[in-house]
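First comes the structure, then the notes that go with it.
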Amino acid sequence: MTKSNGGPHSFNPHYVPSEFLSRVSNFSIIESTLREGEQFANAFFDTAKKIEIAKALDDFGVEYLELTSPAASEQSRLDCIAIANLGLKAKILTHTRCHMDDARIAVETGVDGLDVVIGTSSLLREFSHGKDMDYIAKQATEVINFIKSKGLEVRFSTEDSFRSDLVDLLSIYKTVDKLGVNRVGIADTVGCATPNQVFELVRTLRGVVSCDIECHFHNDTGCAIANAHAALEAGATHIDTSVLGIGERNGITPLGGLVARMYATDREYVMGKYKLHKLRDVENLIADAVEVQVPFNNYVTGYCAFTHKAGIHAKAILNNPSTYEILKPEDFGMTRYVSIGHRLTGWNAVKNRVQQLGLTLTDEEVKKVTAEIKALADIRPRSIDAVDQLLREFHAEIHGESTPGSPQAKRTSETNEADESAEAATNGEANKKAKVDETVTA
Ligand SMILES: [Zn+2]
C-alpha cells in the first residue's frame, strides 16, 4: 500500500496498487538527457552546455545522470570526466556497450557507475552483433567483474527486451544478479511494449532477481509514461527519462510527464524530492539547446496545460480547482488561466474576471455582458485585453446611465466611488494577473 491511499492528498481515492511490491512511492530517476537525449536528431551539446544541463537536472533533484559513453569520441570522454568531477549530488553514470574495451575507458573517468547494455533479441543477435546467449553470458561476466573490481556501480541491461526470448532473458538476468550487479535493466528499445506486458515482465523478473530493476521505454507508440508507471507498480525501482522525452527517433519517457504521473499518484513523495517549480526552466533550457518549441500540449508546461475554457469547467474550477485539475499549477510554479473571450464562455467565469478587475456588476448585469461577449466571439475569439476593455466600458455605461438625483443614482454613485478606489487599489494586481495570463498563453 502506498501512503497516498485515502490520505488527505490522495487525488484518486479508488487507486489501489495491485502489488505489495509496488514502488510508486519509492523510486529513482535516471536522467538520460545527456545520453539518450544526445541521440535526438537536433541534439549537439558542447561541454559548457552539458555542464549547465547537468547542474540544472541535479538542482531539480534527479537521483542519477547518465552520460554518453566515453568510448564514443574523445570529447565525450573529456566531458564525462568534467561532469563526474563537478561534485553534484546526483550519481553520475555512463552508458557503454557490454564490452571490455569500453569498460576500461569508462572506469577511468571518475563516474560512479556504468550502465552496460547488450542486445539479446534474436533480431539483434542475428543482424547486429552476431553473438549467442552463452557468449553473451561469458562476456557479461567478465565486464561486470571488472567494473565491480573498480568499486563502481554496475547495471546490466538487455536491449530490445520485449522482443527477446523470455527464457534467455531470465537466464541472463539471473546470472548477472548472482555476480552482484546493482541493477538489471529492461529496455523497450523499439517502443513496442504495452503497460500490461511491462507489468507482467517486471513482476516475473522481480521474482527472479534480488537486485534493483531499471526500465527504459521508447515512445514510438505513445506508451512510455504509462509503461514506466506500470513498471513501478510491478516493482521496478529506477526509470530512465530525458527532458521533453528527447532521444533516438521520437524519444523516451519524458521527465516532466513522468513527474506529473507520479505526482498524481503520490503528491507528497514527489514534491518532497523534486523541485517541481524548476521544471519549466529545465525544459526551456533543453528546448533552446536543441532548437525546438515546448509542445502546446506538453505535460504541466504546455501553454494550455492549465487553461480552462468551457463555461461549465470554468465555473467548477473557480469554486474548487480540484474538480477539473489533477495537478495543482501552483505546485509547479505555474498559473491557472480561465479563458473567457470565446463563445463557450459562461457568466461565472466572466464574473470572476469582473471581480479581478475591481469592477462591480450584479449577476444580471454580468449575464448581460456575457451574452455580448458570446455574440462578439461568435464572429472571432477575443483577447483578454479586448474582453477587459469591453467589461470596463460596460461597467461605465451601466453606472453612467442612471438618472441624477434618484435614490438609485445615489446608490450607484457611492458604488462608483467605491469602485474607483477599489480599482485603484487592485489595478496593479489586475495588470499583473493579465501579464501572467499573457505569459502563460504566449
Ligand atoms: Zn533508448
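Residues in segment 254-296 that are assigned to a loop (DSSP other than H, G, I, E, B) and among the hydroxyl-bearing types (Ser, Thr, Tyr): 274 only. When the test is whether a residue is assigned to a loop (DSSP other than H, G, I, E, B) and in contact with a His (Cβ under 8 Å, 6 or more places away or on another chain), residue 214 does not pass it. Only residues that are within 13 Å of the ligand (Cβ to nearest atom) and not in a loop (DSSP other than H, G, I, E, B) were counted in segment 240-253, giving 5. Among helices (runs of 4 or more DSSP H) entirely within segment 297-396, having at least 3 residues that are hydrophobic (A, V, I, L, M, F, W, C) and surrounded by fewer than 21 Cβ atoms within 10 Å (Cβ to Cβ) singles out 311-319, 363-377. Is one or more of the residues making up segment 268-281 more than 16 Å from the ligand (Cβ to nearest atom), within 19 Å of residue 43 (Cβ to Cβ) and in the same structural domain as residue 175 (by TED's automatic domain parsing)? Yes - at least one qualifying residue is present in segment 268-281. Filtered by the rule that a residue be surrounded by fewer than 24 Cβ atoms within 10 Å (Cβ to Cβ) and either closer than 14 Å to residue 177 by Cβ or not hydrophobic (A, V, I, L, M, F, W, C) (or both), segment 215-228 gives 219, 220, 221, 222. Screening residue 437 on (1) under 16 Å from residue 309 (Cα atoms); (2) in contact with a Lys or Arg (Cβ under 8 Å, 6 or more places away or on another chain); (3) at pLDDT below 90 shows it passes everything except condition (2). Residues that are hydrophobic (A, V, I, L, M, F, W, C) and within 21 Å of residue 187 (Cβ to Cβ) within segment 91-116 comprise 92, 93, 98, 103, 106, 111, 114, 116, listed in sequence order. In the set 258, 232, only one residue is in contact (Cβ under 8 Å) with a residue 40 or more places away in the chain and away from the ligand (no atom under 16 Å from the Cβ); that residue is 232. Within the option set 157, 121, being over 28 Å from residue 26 (Cβ atoms), touching a residue at least 40 places away in the same chain (Cβ under 8 Å) and not aliphatic (A, V, I, L, M) holds for one residue only, 121.
Consider only pairs whose beta carbons are under 6 Å apart and that are at least six residues apart or on different chains; among these, list those whose first residue lies in segment 164-191 and is under 15 Å from residue 118 (Cβ atoms) and whose second residue is within 16 Å of the ligand (Cβ to nearest atom) and small (Gly, Ala, Ser). From segment 164-191, the pairs are 164/121; 185/157; 186/161; 187/157; 187/161. In summary, residue 237 fulfils each of the numbered conditions (1) away from the ligand (no atom under 16 Å from the Cβ); (2) surrounded by fewer than 21 Cβ atoms within 10 Å (Cβ to Cβ); (3) without any contact (Cβ under 8 Å) to a residue 60 or more places away in the chain; (4) not aliphatic (A, V, I, L, M) with the single exception of condition (3).
Could you check, for segment 179-187, whether at least one of its residues is on the phi > 0 side of the Ramachandran plot, within 16 Å of the ligand (Cβ to nearest atom) and touching a His at 6+ places or on another chain (Cβ under 8 Å)?
No, that holds for no residue.
When the test is whether a residue is assigned by TED's automatic domain parsing to the domain that holds residue 107, crowded, with 19+ Cβ neighbours inside 10 Å and within 16 Å of residue 103 (Cβ to Cβ), residue 136 passes it. Taken over segment 194-219, the criterion of being closer than 21 Å to residue 40 by Cβ and more than 13 Å from the ligand (Cβ to nearest atom) is satisfied by no residue.
The set of residues in segment 304-345 that are within 24 Å of the chain's Cα centre (by Cα) and among the charged types (D, E, K, R) comprises 309, 325, 328, 330, 331, 336. For the criterion of being surrounded by 12 or more Cβ atoms within 10 Å (Cβ to Cβ), farther than 25 Å from residue 305 by Cβ and at pLDDT below 90, residue 431 fails. Within segment 172-214, the residues that satisfy the criterion of being surrounded by 15 or more Cβ atoms within 10 Å (Cβ to Cβ) and among the small types (Gly, Ala, Ser) are 185, 187, 191, 193.
For residue 157, the criteria (1) buried (at least 19 other Cβ atoms within 10 Å of the Cβ); (2) assigned to a helix (DSSP H, G or I); (3) out of contact with any helix residue (DSSP H, G or I) (no Cβ under 8 Å at 6 or more places or on another chain) hold in every case but one, which is (2).
The values are calculated or read from the model by the stated rules, or taken from the named source; none is laboratory data. Only a predicted model underlies this, so the values are computations on that prediction, with no experimental measurement involved. All Cβ positions, even for glycine, are placed from backbone atoms using ideal geometry, and neighbour counts span all protein chains on display.
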